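Nothing in this text is a laboratory measurement; each read-out follows from the coordinates by a stated rule. Please read all numbers here as calculations on a predicted model, not as lab measurements.
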Amino acid sequence: MSLYGVQKLLYHLNNDAATRERFAQEREALHAEYALTDEEWRAFTEADVGRLYTMGAHPLLLAPFAGRSGLKWPDYLAALQRARDAQAPKNPRQDWPQINADEIPC
């Protein structure tokens, strides 16, 4: 996985009309140029901002890409939250030792 390549393509898609045109017309050439993995490329082609976020892409680079891909702001935020929730441990305190209050010396 190449976080640098992912963020570089996001930056160019956000700021360069020629790159956006190539993304629409010449996807395979663009894929080779940025040397992305198949998983990264699939996330781009499916506009899966949650997956891109999980890969490490910065939310400020993802937001314009999401908007240009047709994702509304609340849906973008929800996608990021789902990605965060999927990464979070189910019970972050499950490994903590259990303490009985009656055993604590006063």
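Below is a table of values for the structure above.
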| read-out | value |
| --- | --- |
| Among the candidates 43, 24, 18, 29, residue that is in a helix (DSSP H, G or I), within 19 Å of residue 2 (Cα to Cα) and more than 13 Å from the chain's Cα centre (by Cα) | 29 |
| Filter result (of a type outside the set (Asp, Glu) and in a loop (DSSP other than H, G, I, E, B)) within the range 46-72 | 47, 55, 56, 57, 58, 69, 70, 71, 72 |
| Count of residues meeting criterion [within 13 Å of the chain's Cα centre (by Cα) and either of a type in the set (S, T, N, Q) or not in a helix (DSSP H, G or I) (or both)] in the range 3-15 | 1 |
